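Have a look at the structure below before the remarks.
The values are calculated or read from the model by the stated rules, or taken from the named source; none is laboratory data. This structure is a prediction, so every number in the text was calculated from the model and none was measured. Don't worry about glycine lacking a Cβ; one is built from the backbone with ideal geometry, like all the others, and counts go over all protein chains shown.
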Ligand code: OAD
């Protein structure tokens, strides 16, 4: 085993000893719930259990490309609610930015489309937005990009933007079910095999191929899960540490053990 025991204390010692210089972080919607953005699958509070008003055949249809072609309106109802700009990064986002500042962040893989990791100050070259983001958008037919200001106006009104060239539907460059992930995902996933510590924060690990990333970590690389519930295969390896509960609590605890509390708070407020 790499860690003397399966605890956050041991993880903090691993970092303090200088043995963790290439930390890979993987995040999902749970890292942003404290910012006020609902996740997808939590019972009662998750988006998928609150979409009845949209009359979808099944919840995930709202992010399904073939459904979108016929009925883009439900997606744009959600987009109006989820559009970046009105939310602030959480303490867990700030922790990732602090890792980057300390030169310890090898790569962040996020499934989120809220852009809060950028807002927290994680450098763009350290972020892989595995499911795309709201940052850019294009026509699903002719692929011509659509201007940001026009997009913003449409989304804030809650109506469906159409391509200026061919009148095709415009969609943010978010990966829908039925679409390939951005090239950066496959190009950068090898960073996981280079990691000497993996932190997994706020994800149910149910959507592939992202869900297979933690499996790409080497056997001797400690993996730490900060999540409400146990997910994926986390816990199956001798160096897996499960920190179950709100991720901000677990991250605060780790920062405290590292002696980084003040720095973390400076980052959080900017
Ligand atoms: P999910 O909603 O599937 O999972 C969120 C996880 O975070 C759950 O395990 C929650 O228990 C946990 N969680 C919620 N709040 C938390 C908190 N404050 N602290 C710790 N854990 C918390 O979200 P994702 O795993 O991100 O894809 O979902 C993966 C993909 O499914 C999304 O990227 C999206 C969705 O369909 C697309 O839209 C393509």
Do we find a residue being away from the ligand (no atom under 16 Å from the Cβ), at pLDDT 95 or above and not in a helix (DSSP H, G or I) anywhere in segment 56-64?
-> no
Check whether at least one residue in segment 139-146 is assigned to a loop (DSSP other than H, G, I, E, B), in contact (Cβ under 8 Å) with a residue 60 or more places away in the chain and within 16 Å of the ligand (Cβ to nearest atom), and report yes or no.
-> yes
Which condition number in (1) part of a loop (DSSP other than H, G, I, E, B); (2) farther than 30 Å from residue 141 by Cα is the one that residue 92 fails?
-> (1)
Criterion violated by residue 110 - all others in (1) touching a helix residue (DSSP H, G or I) at 6+ places or on another chain (Cβ under 7 Å); (2) outside the structural domain of residue 263 (by TED's automatic domain parsing); (3) within 20 Å of residue 204 (Cα to Cα) satisfied | (2)
Answer yes if at least one residue in segment 205-212 is assigned by TED's automatic domain parsing to the domain that holds residue 20, away from the ligand (no atom under 14 Å from the Cβ) and touching a residue at least 24 places away in the same chain (Cβ under 8 Å), and no otherwise.
-> no
Would you check which residues across segment 111-132 are under 22 Å from residue 263 (Cβ atoms) and either part of a strand (DSSP E or B) or within 16 Å of the ligand (Cβ to nearest atom) (or both) and list them?
-> 116, 117, 120, 127
Is it the case that residue 226 is in a helix (DSSP H, G or I), in contact (Cβ under 8 Å) with a residue 40 or more places away in the chain and either surrounded by 14 or more Cβ atoms within 10 Å (Cβ to Cβ) or touching a helix residue (DSSP H, G or I) at 6+ places or on another chain (Cβ under 9 Å) (or both)?
-> no
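Yes or no: segment 187-194 includes at least one residue that is outside any strand (DSSP E or B), touching a helix residue (DSSP H, G or I) at 6+ places or on another chain (Cβ under 7 Å) and surrounded by fewer than 16 Cβ atoms within 10 Å (Cβ to Cβ). Step through it out loud before you land on a result.
So in segment 187-194, the residues outside any strand (DSSP E or B) come out as 187-194.
Subset that is touching a helix residue (DSSP H, G or I) at 6+ places or on another chain (Cβ under 7 Å): 189, 192-193.
Pick out the ones that are also surrounded by fewer than 16 Cβ atoms within 10 Å (Cβ to Cβ) and you get 193.
Looking through segment 187-194, at least one residue is outside any strand (DSSP E or B), touching a helix residue (DSSP H, G or I) at 6+ places or on another chain (Cβ under 7 Å) and surrounded by fewer than 16 Cβ atoms within 10 Å (Cβ to Cβ).
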